[in-house]
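Below is one structure, written out as structure tokens, with a few remarks after it.
Values in this text are rule-based calculations from the coordinates and carry no lab data. Being a predicted model, the structure only gives us computed values, none of them experimental. Neighbour counts are summed over all protein chains in view; Cβ atoms, including those assigned to glycine, are modelled from backbone coordinates with ideal geometry.
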């Protein structure tokens, strides 16, 4: 009977270690897929393996893993040109990010930091459908909520502004809007971009 108890303990420990390893690798891959942008890496932190026993792993923490899994599935769907499925998966990813921040009692800033990263892929899907103004809203939401603007973000912003063909707004105007301090809520970005015609 004692042998079975030891085997059970070993299996539980191995399962816990596998879950932590998978979470670490998923987070690492997600950060690499987002061009090393640091806003997500400030919110998604690696846990200390010595601080959390296997029995106390809360379901709340699984929301982040589920969100990352949905993001990975969306990337596959986009590569396969299945845009409808990709859109649904990205929306599911946003929902899991929302549940994660709610379970952690994190504020709106934490949710926007996670949520805005999804907008890069949503903008790409909208661009393919020739919905350029809607795509621009998502790009501005993504760029405007980053800690610092990368060259990739700047070039994407330029391309999306040019595609939207706004009469009185330049790339510099859009960049200035992105650089204004503070968190940019999606609905406010959408309202502001609508007023740019």
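Provide Rg and Dmax in Å for region 108-175, with only Cα atoms included in the calculation.
Rg then Dmax for region 108-175, in Å: 11.5, 34.
Looking at the square roots a ≥ b ≥ c of the eigenvalues of the Cα gyration tensor of region 69-197, which shape do they give, rounded for a/c under 1.5, prolate if a/b is larger than b/c, or oblate? Intermediate values should be presented prior to the final figure.
Values: a/c = 1.99, a/b = 1.21, b/c = 1.65.
Cα axes put region 69-197 in the oblate bin.
Can you figure out the FRET efficiency of residue 159 with residue 65, using R₀ = 35 Å and their beta-carbon distance, to the nearest 0.05?
0.60
Got a sec? How would 177, 160 order by Cβ neighbour count within 10 Å, fewest to most?
Details: 177 18, 160 24.
The fewest-first ordering by Cβ neighbours comes to 177, 160.
Within region 115-151, what residues put their amide N at less than 18 Å from the label point 7 Å along the Cα-to-Cβ vector of residue 98?
115-123, 138, 141-142
Work out, step by step, the length gained on full extension between residue 180 and residue 131: first 0.36 nm times the residue separation, then minus their alpha carbon distance; give nm to one decimal.
Values: separation 49, 0.36 × 49 = 17.64 nm, distance 2.55 nm.
In short, 15.1 nm is gained.
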